[in-house]
Amino acid sequence: MYIIIGGGGNISEEIASSLLSSGDEVHVIDIDENIIEKINSNLGIIGSVGTLTNIRDLEKSGIGRAAMFIAASDNDEDNLVACQLVKHNFETSETVSIYKYMDNYEVFQQSGIDHPINLTELTINRLSSIINTHAAVSLIELPGRDKGIISVKVPPNSQVLGLTIKEIPFVQETKVLMVASENGEIHDNLQEYKLSARDELIIRVPNGLESEIHTIITTNIYEK
């Protein structure tokens, strides 16, 4: 697969290195000659000097045959514009934009970019999983952007202990896809299995209702 990364820097170099290790063909474009020189020195001649928001520079990088474009510069606005240029002017299959600031969340989610990735959100999710083992962890956003898949662990003394999935008052369009016990056992009969402490639930949930689902599963029975 031919993949173009717009914007150099440490993140881009790590992404490029990982993709190259997987056997993909990669090209990095950045306006800073020093960054491109460093990438070419470390990874081979895979970079060129250019602006990721300039159509001619994108064309020179081979965007016309790219299967994916990843905007990974340090500038959220440039990443947004670059992905939109690619989507509207070329036949690149997938666009990915990495952005830093949560203030830009709605803009990126509604931009039409195939895969907007927020670094702050990823960090918060990771910290939550470390600090609170019962926090809801977002796993993936499903196509259509109206649903996602989350993971929630059942804490001791949860109000759902001993209940089956069908007995839990989930909102409509919420579906438990899998339940795994602490020992790794996967339970197939979801409608009959009674939940135990530290079970992990993989749940499809409408966007915006993650906190509500988390509350249902983690509320202490003595707080009801």
Report task. Go through region 24-79 and give me each residue that's without any contact (Cβ under 8 Å) to a residue 40 or more places away in the chain and part of a strand (DSSP E or B). Result -> Glu25, Val26, His27, Val28, Ile29, Gly47, Ser48, Val49
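Could we say that Glu212 is acidic (Asp, Glu), assigned to a loop (DSSP other than H, G, I, E, B) and within 25 Å of the chain's Cα centre (by Cα) here? Can you show your working first?
Values: acidic (Asp, Glu): yes; assigned to a loop (DSSP other than H, G, I, E, B): no; within 25 Å of the chain's Cα centre (by Cα): yes.
It is false that Glu212 is acidic (Asp, Glu), assigned to a loop (DSSP other than H, G, I, E, B) and within 25 Å of the chain's Cα centre (by Cα).
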Query raised in the report: Does region 22-42 contain at least one residue that is within 18 Å of the chain's Cα centre (by Cα), closer than 27 Å to Thr123 by Cβ and surrounded by fewer than 20 Cβ atoms within 10 Å (Cβ to Cβ)?
Result: no
**Report entry** Those residues of region 80-94 which are more than 12 Å from Ser111 (Cβ to Cβ) and either part of a loop (DSSP other than H, G, I, E, B) or without any contact (Cβ under 8 Å) to a residue 24 or more places away in the chain (or both), in sequence order
**Finding:** Phe90, Glu91, Thr92, Ser93
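Hey, among Val160, Val205, Val179, which residue is touching a residue at least 12 places away in the same chain (Cβ under 8 Å), out of contact with any Leu (no Cβ under 9 Å at 6 or more places or on another chain) and either crowded, with 16+ Cβ neighbours inside 10 Å or of a type in the set (S, T, N, Q) (or both)?
Val205
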Query raised in the report: Considering region 95-115 alone, what residues qualify as being part of a loop (DSSP other than H, G, I, E, B) and farther than 15 Å from Met68 by Cα?
Result: Lys100, Tyr101, Gln110, Ser111
Report task. Quickly run through region 1-19 and pick out the residues that are modelled with pLDDT of 95 or more and among the hydrophobic types (A, V, I, L, M, F, W, C). Result -> Ile3, Ile4, Ile5
Report summary line: Ile45: passes all of (1) in contact with a His (Cβ under 6 Å, 6 or more places away or on another chain); (2) surrounded by fewer than 13 Cβ atoms within 10 Å (Cβ to Cβ) but (1)
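Please verify whether region 147-155 includes one or more residues that are surrounded by fewer than 16 Cβ atoms within 10 Å (Cβ to Cβ) and polar (S, T, N, Q). Before the answer, list the steps.
Filtering region 147-155 down to residues surrounded by fewer than 16 Cβ atoms within 10 Å (Cβ to Cβ) leaves none.
No, region 147-155 contains no residue that is surrounded by fewer than 16 Cβ atoms within 10 Å (Cβ to Cβ) and polar (S, T, N, Q).
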Requested in this report: Would you please name the residue that is nearest to Ser61 (Cα to Cα), looking only at residues in region 1-23 that are among the hydroxyl-bearing types (Ser, Thr, Tyr) and not in a helix (DSSP H, G or I)?
Outcome: Tyr2
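Within region 96-114, is there a residue that is within 30 Å of Glu59 (Cα to Cα), modelled with pLDDT of 85 or more and of a type in the set (Lys, Arg)?
First, pick out the residues of region 96-114 that are within 30 Å of Glu59 (Cα to Cα): 96-101, 104-114.
Remaining after also requiring modelled with pLDDT of 85 or more: 96-101, 104-114.
Imposing the further condition that a residue be of a type in the set (Lys, Arg) reduces the set to 100.
Looking for residues that are within 30 Å of Glu59 (Cα to Cα), modelled with pLDDT of 85 or more and of a type in the set (Lys, Arg), one finds at least one in region 96-114, hence yes.
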Query raised in the report: Of everything in region 49-107 that's of a type in the set (Ser, Thr, Tyr) and over 16 Å from the mean Cα position of the chain (by Cα), which residue is nearest to Gly7 (Cα to Cα)?
Result: Ser73
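The values are calculated or read from the model by the stated rules, or taken from the named source; none is laboratory data. Remember, it's a predicted structure, so these values are computed and weren't measured experimentally. All Cβ positions, glycine included, derive from the backbone under ideal geometry; neighbour counts span all protein chains shown.
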